[in-house]
Amino acid sequence: MSVSKYSRFKTRVVDIGGVPMGGNYPVRVQSMTNTDTLDTRSTLAQCVRMITAGCEYVRIAVPGIKEAGNLKNIRKLLKKEGFDTPLIADVHFNPAIAELAARIVEKVRINPGNYTGKKGKPAEAGYWMEEKNYNRELEIISERISPLLKICRENGTALRIGVNHGSLSERIKTRFGDTPKGMVESALEFARICGFHGFSKLVLSLKASNTRVMIQSNRLLVKELKSAGMDYPVHLGLTEAGSGEDGRLKSAIGIGSLLSDGIGDTIRVSITEDPEFEIPVAYGILQATGVRITRTEFISCPSCARTLFNIQEAVEDVKAATAHLKGLKIAIMGCIVNGPGEMADADYGYVGGAKGKVMLYKNQVLSKKNIPESNAVEELVKLIKESGDWVDPVNA
Ligand code: SF4
């Protein structure tokens with residue numbers, strides 16, 4: 001069976017502090033600090049741990065104006081330690097905070113759900129259904145966001161319209177419901193306003209804690225973007241995935257499904273653990289979906305009565321010897337009955353033969369026969385070397 005070629009929703013390139021996102025650039029990995037942003041020392045130390053783990057953009061929560069001001073110190077100290085990773089300020093909309101942050105960091109995230117023009121008592125039922133009230137509200141938002149867009153433009157700062165399912169505005173919920181459609185509209189309203197002001201350095205995100213809502217809303221978003229002729233990069237993530245295995249599984253399903261559809265230009269795995277632990281999960285999801293290959297991919301069968309060697313040990317030994325190689329696919333299969341057929345597009349195959357014997361394949365072609373199990377890994381490494389695919393491990 002042929003597998004359809006991976007095709008990514010072609011987005012515009014948005015440069016974020018010299019690390020571009022979108023277009024054909026790799027899907028970027030980001031995470032967010034959970035320290036007190038006024039505690040410069042802890043925030044700095046956490047940023048360094050995240051960056052060292054592979055985080056390509058560091059997002060920092062900015063709940064108040066003091067925190068926005070402190071971004072300057074964090075930035076300065078990070079530079080002093082030799083890190084120029086782009087910083088993102090996470091603001092749940094307050095214009096003054098976003099405007100200050102936009103002068104300091106490379107990207108600002110605002111939540112359109114927290115952004116309303118209407119002051120005073122909540123609107124009565126039906127208020128938002130009236131076109132004149134709705135349009136007036138959008139005009140007020142447009143006026144209020146205009147200074148921020150001007151600052152972003154002057155400073156080369158990008159903006160993320162970050163919609164959360166749990167904080168949709170009353171305006172959106174009344175008109176479109178608490179639904180994927182409502183989430184999409186929440187982002188598009190702001191994208192249109194930004195477009196009206198000629199601002200296009202935008203990234204969009206629709207997050208939910210419910211995996212299916214997150215998947216459906218992002219699929220709908222891309223459909224609507226395409227029909228509106230928009231091509232903004234899409235940031236993927238679940239809002240509260242949980243911790244441990246649950247958090248990792250939910251993230252893999254939510255983010256991974258969309259990546260497999262060709263949707264997503266940056267991802268953030270949100271688990272209730274220190275943010276540096278999110279980074280290996282993010283790379284794992286990118287690798288598993290084949291969207292960004294950063295290490296060797298191993299495929300192995302579950303084994304069965306036809307397996308005549310210790311496959312579990314062999315998998316660990318092959319991994320230990322070859323995991324540092326980038327971009328190869330190595331299959332470890334239990335038997336020659338089904339193994340060669342099942343290992344499909346693997347570059348190398350380590351396949352069980354007669355009792356205690358192994359067959360080695362290169363691109364599904366048998367290269368070495370009846371190798372004793374005890375030196376099969378060594379022979380596999382030799383085969384990889386002979387084929388020109390070997391590089392020595394960095395700390396060898
Ligand atoms: S590849 Fe062979 S050993 Fe592995 S599960 Fe299939 S039949 Fe069993």
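Read-outs: derived from the displayed coordinates by stated rules, not from any lab. Computed from a predicted model, the values in this text were never measured in an experiment. So basically every Cβ, Gly included, is an ideal-geometry build from the backbone, and we count neighbours across all protein chains shown.
Residue 114 to residue 138: extension gain in nm, 0.36 nm per residue of separation minus the Cα-Cα distance?
Here the answer is 7.3 nm.
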Original post:
Using a cut-off of 19 Å between alpha-carbon atoms, which aspartates and glutamates can reach residue 368, once sequence neighbours fewer than 8 places away in the same chain are excluded?
Top reply: 317, 342, 345, 347, 378, 379, 386, 389
Original post:
Restricting to lysine pairs 8 or more places apart or on different chains, what number in region 46-142 have Cα atoms under 21 Å apart?
Top reply: 11
Subject >> Highest average packing first - 190-198, 253-261, Cβ atoms within 10 Å >> reply: 253-261, 190-198
Original post:
Fewest first, what order do 235, 92, 165, 324 take by the number of other Cβ atoms within 10 Å?
Top reply: 324, 92, 165, 235
Original post:
Tell me, how many Å apart are the Cα centres for region 131-168 and for region 1-73?
Top reply: 21
Original post:
Hey, got the dipole for region 14-288? About the Cα centre, +1 on K and R Cβ, -1 on D and E Cβ, debye to the nearest 20?
Top reply: 500
Original post:
What is the Cα radius of gyration of region 43-157 over 2.2 N^0.38 Å, N being its residue count?
Top reply: 1.30
Original post:
Leaving out same-chain residues fewer than 8 places away, which lysines sit with a Cα under 26 Å from that of residue 362?
Top reply: 5, 319, 326, 329, 382, 385
Original post:
Which Cα, out of 321, 343, 89, lies furthest along the positive dipole direction of the chain (beta carbon charges, K/R +1, D/E -1)?
Top reply: 89
Subject >> Neighbour-count order for 348, 115, 283, fewest beta carbons within 10 angstrom listed first >> reply: 283, 115, 348
Subject >> Histogram of C-alpha separations across the chain, 10 Å bin width, % >> reply: 5, 20, 26, 21, 13, 9, 4, 1, 0
**OP:** State the three equivalent ellipsoid semi-axes of region 103-227, derived from the C-alpha gyration tensor as the square roots of 5 times its eigenvalues, in descending order and whole Å.
**Re:** 23, 20, 13
**OP:** Name the shape class, rounded, prolate or oblate, that the alpha-carbon gyration tensor gives for region 291-396, where a ≥ b ≥ c are the square roots of its eigenvalues, rounded holds for a/c under 1.5, and otherwise prolate holds if a/b is larger than b/c and oblate otherwise.
**Re:** prolate
Subject >> Gained length - residue 210 relative to residue 45, 0.36 nm times residue gap less alpha-carbon distance >> reply: 56.2 nm
**OP:** Could you please state, rounded to a whole Å, how far the C-alpha centre of region 190-237 is from the C-alpha centre of region 271-288?
**Re:** 23
Subject >> Mean residue ellipticity (222 nm) of the chain, computed from DSSP H runs ≥ 4 via -39,500 (n - 2.57), nearest 500 >> reply: -13000 deg cm²/dmol
Original post:
To the nearest 10 degrees, how steeply does helix 211-228 sit against the main Cα axis of the chain, on a 0 to 90 scale?
Top reply: 70
**OP:** Can you grab the distance from the C-alpha centre of region 293-313 to the C-alpha centre of region 335-392, Å, no decimals?
**Re:** 12
**OP:** May I ask what percent, to the nearest 5, of DSSP beta bridges between residues of the chain are antiparallel?
**Re:** 25
**OP:** Tabulate in residue order the Karplus-calculated ³J(HN,Hα) for region 189-205, using 6.51 cos²θ - 1.76 cosθ + 1.60 with θ = phi - 60°, rounded to whole Hz; enter x for Gly and Pro.
**Re:** 3, 6, 4, 5, 4, 4, x, 4, 8, x, 9, 10, 7, 10, 10, 10, 8
Original post:
By count of other Cβ within 10 Å, fewest leading, how are 281, 184 ordered?
Top reply: 281, 184
Original post:
What is the extension gain from residue 273 to residue 227, computed as 0.36 nm multiplied by their sequence separation minus the C-alpha to C-alpha distance, in nm to one decimal?
Top reply: 12.7 nm
